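Undergrad: Below are the structure tokens for one structure; questions will follow.
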Amino acid sequence: MSDNKRVCLAYSGGLDTSVILRYLRLEGYTVVAYLGNVGQDEDWAAVEEKALALGAERMVIEDLQQEFLEELVFRGIQCNAIYEDRYLLGTSLARPVLARALVRTAQKYNCQILSHGCTGKGNEYVLAKTMALANNDDLPGSASLPSLKVSGTHTAPGFLNSIKWSKYTNGMTIYSRSNITIVRFELAWRALDPTMSIIAPWRMPKFFNRFQGRQDLLKFAAENNIPVSSSPKSPWSLDANLAHTSAESGILEKPEVVAPKDVWTKSVDPLDAPDVPTKFSVTFKAGIPVKLDVEGGETYTNSVALFKKLNEIAGANGVGRTDLVESRYFTIPAATISPPPPKTRTCTDNIASFIGLKSRGCYDAPAHTVLRLAHVDLEGMTVDSKVRGIMAWIGNEWSQCLYNGMYFSPERELLENSIIYSQKHVNGTVNMMVYKGAAHVLSRSAPDSNLYSEEQASMDTLEGFSPEDTSGFIAIQAIRLEKYGAAKIQHGEPLV
């Protein structure tokens with residue numbers, strides 16, 4: 001078979017990717033199935049057996065845990081990465097590693113096509129509702145929409161290969177945003193090897209017209225002897241790796257409802273946590289955790305072993321839970337929306353930006369939570385105050401790159417070099433404890449840093465400090481404030 005019919009498929013062993021694997025084989029493709037281990041629980045042998053039974057040429061399973069931690073998670077810790085002040089980016093951090101590994105595998109086995117089973121569903125309703133309101137269309141009731149007239153796919157330059165469109169009876173055409181996982185994978189693939197083609201079945205009319213729901217997938221599975229799990233499907237969407245587990249959609253779409261206990265898989269309920277705290281210390285070198293010492297226990301220096309042990313310790317004490325509502329950001333060409341939204345609302349001449357689509361997520365990240373807190377604390381002793389201010393901006397920009405699928409971009413590379421440089425002197429040890437859902441810093445030491453001086457900080461001595469110097473500083477800083485106050489008095493305006 002020619003090389004242009006060889007596909008490397010991101011394969012999970014689930015219903016969607018199993019159907020896609022068999023579908024590709026029936027379409028004449030040779031399929032190399034790939035699954036990366038980033039710390040999720042999986043029956044690896046069963047996945048391999050299933051893929052081979054469905055016709056895969058081979059099933060490649062690769063341990064990416066160390067690569068994931070040392071190149072992505074620890075870099076995120078170095079810059080205190082966080083999205084909207086709460087989300088530690090556990091899912092986003094894993095995507096570049098998985099995307100890169102799949103391209104490596106495709107190149108190794110002479111595949112010229114990459115494929116995945118991500119759907120483009122999930123946000124079309126919200127987009128349609130938003131655009132209808134933006135155009136002052138009358139939509140009675142909170143769940144009402146114009147009737148769907150016809151749908152299909154459309155090529156939109158600069159926005160993946162194609163996006164799904166739907167034309168409604170009121171004349172409005174909506175192009176749905178692709179699943180964020182699609183964006184992260186495909187943008188990465190395009191940067192890593194622009195010569196490769198991408199097969200995205202859920203954006204192909206021939207495929208999605210045939211498989212319009214789960215029942216169609218199950219029917220195809222039965223006809224093609226594809227084993228289907230008999231275990232009940234979780235009432236929410238799950239994603240897991242070493243850094244965290246995440247849960248969203250389903251019953252979690254009601255933000256006023258308390259998340260069920262079994263949403264949390266890495267941590268116990270803080271109310272059920274032990275009545276005695278667990279103490280330990282984390283040592284950093286150049287901003288990277290290199291050693292974990294557990295009080296009365298062992299020392300861990302291997303990155304994977306260290307992280308897993310911290311997950312165990314912090315999780316057993318109920319640490320690392322975050323239940324939040326986050327914003328989803330994306331842009332599409334304005335020309336793809338008909339009629340276009342008013343420019344005064346959300347649209348420029350070229351781009352319509354949809355900002356503020358909200359999604360609830362429940363994230364369980366015990367070790368990551370502890371390590372970020374420890375790193376922030378150590379930077380207090382080892383990083384110049386002005387540099388810390390700049391690094392807060394850099395950390396936020398780096399986080400945006402990860403969240404929006406722009407890891408393999410020039411801006412991320414620029415930011416990363418700054419991060420590495422800033423961490424040269426972030427060396428030291430942070431002593432901590434975890435107890436009843438909270439992580440606490442107890443003390444810290446940074447012998448290599450001269451930024452903290454006990455003498456200069458002491459209230460008991462004037463050594464190295466002259467109180468008279470303060471007078472000049474205050475006089476200079478007060479010049480503009482005195483003028484501001486005098487002007488307010490002159491105009492009879494109070495200072496509030």
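Since every read-out is calculated from the coordinates, none of them should be taken as a lab result. Computed from a prediction, not measured in an experiment: that's the story for all the values here. Counting neighbours? That spans all protein chains shown, and the Cβs are built from the backbone with ideal geometry, glycine included.
Undergrad: Let me check I've understood the local charge: for Leu238, count other residues with C-beta under 11 angstrom from its C-beta, Lys and Arg +1, Asp and Glu -1. What total comes out?
TA: -4
Undergrad: Could you list, in their original order, any pairs among Lys291/Lys424; Lys233/Lys261; Lys261/Lys291 whose Cα atoms are separated by more than 22 Å?
TA: Over 22 Å Cα-Cα: Lys261/Lys291.
Undergrad: If I stretch the segment between Asp262 and Asp384 completely, what's the gain in nm (0.36 nm per residue apart, minus their alpha carbon distance), one decimal?
TA: 39.6 nm
Undergrad: Quick check: residue separation of Lys5 and Lys233 times 0.36 nm, minus the Cα distance between them. What number comes out in nm?
TA: 78.7 nm
Undergrad: State whether the stretch 12-109 is rounded, prolate or oblate according to the following rule on the C-alpha gyration tensor (a ≥ b ≥ c being the square roots of its eigenvalues): a/c under 1.5 gives rounded; otherwise a/b larger than b/c gives prolate, and the remaining case gives oblate.
TA: Note, shape of the stretch 12-109 comes out prolate.
Undergrad: Ser443 to Leu495: extension gain in nm, 0.36 nm per residue of separation minus the Cα-Cα distance?
TA: Result: 14.5 nm gained on full extension.
Undergrad: Then there is this: Report, in whole Å, the centroid distance computed from the Cα atoms of the stretch 41-73 and the stretch 354-383.
TA: The two parts, judged by their Cα centres, are 28 Å apart.
Undergrad: Continuing with the same structure: Is the shape of the stretch 367-422 best called rounded, prolate or oblate, per the rule: a/c under 1.5 gives rounded, else a/b larger than b/c gives prolate, else oblate, with a ≥ b ≥ c the square roots of the Cα gyration tensor eigenvalues?
TA: The shape class here is oblate.
Undergrad: Same structure, new question: Could you tell me which of the pairs Lys279/Lys308; Lys50/Lys266; Lys266/Lys436 are separated by over 19 angstrom between their Cα atoms in the structure shown?
TA: Over 19 Å Cα-Cα: Lys50/Lys266.
Undergrad: Return P(r) of the stretch 1-60 (all Cα-Cα pairs; 5 Å bins starting at 0; whole %; ordered from short to long distances).
TA: Result returned by the calculation: 4, 21, 33, 23, 12, 6, 2, 0.
Undergrad: List the residues of the stretch 396-419 whose backbone N lies under 20 Å from a point placed 7 Å from the Cα of Asp85 along the Cα-to-Cβ direction.
TA: Answer for this model: 396-401, 403.
Undergrad: I need the calculated FRET efficiency for the pair Lys358 and Asp469, taking r as the beta carbon distance and R₀ as 41 Å, to the nearest 0.05.
TA: 0.20
Undergrad: Set the Förster distance to 30 Å, then compute FRET efficiency between Val325 and Trp393 from the Cβ-Cβ distance, nearest 0.05.
TA: The pair Val325/Trp393 has a calculated efficiency of 0.80.
Undergrad: Counting other Cβ atoms within 10 Å of each Cβ, which GluC sites (Glu not before Pro) in the stretch 388-496 have at most 12 and sit in a DSSP loop?
TA: Sites meeting the loop and neighbour criteria: Glu463, Glu468.
Undergrad: For a quick protection proxy, order the peptides 195-206, 101-112 by their average other-Cβ count within 10 Å, most packed first.
TA: 101-112, 195-206
Undergrad: Give me the one-decimal nm value for the distance between modelled label points at Arg190 and Ala45, 7 Å along each residue's Cα-to-Cβ direction.
TA: So the label points at Arg190 and Ala45 sit 4.2 nm apart.
Undergrad: Beyond 20 Å, what percent of the Cα pairs of the stretch 175-317 remain?
TA: Every Cα pair in the stretch 175-317 considered, those over 20 Å come to 71 percent.
Undergrad: Highest mean first, how do 55-65, 247-257, 417-427 rank when packing is the count of other Cβ atoms within 10 Å averaged over residues?
TA: 55-65, 417-427, 247-257
Undergrad: In terms of Cα to Cα distance under 17 Å, which aspartates and glutamates are near enough to Lys206, apart from those fewer than 8 places away along the same chain?
TA: Output for Lys206: Asp16, Glu27, Asp216.
Undergrad: Residues with beta-carbon under 12 Å from that of Ile489, excluding Ile489: net charge, scoring Lys, Arg +1 and Asp, Glu -1?
TA: 0
Undergrad: What's the FRET efficiency of Thr299 with Ile479 using the Cβ-Cβ distance as r and R₀ = 41 Å, to the nearest 0.05?
TA: Efficiency, from the Cβ-Cβ distance: 0.15.
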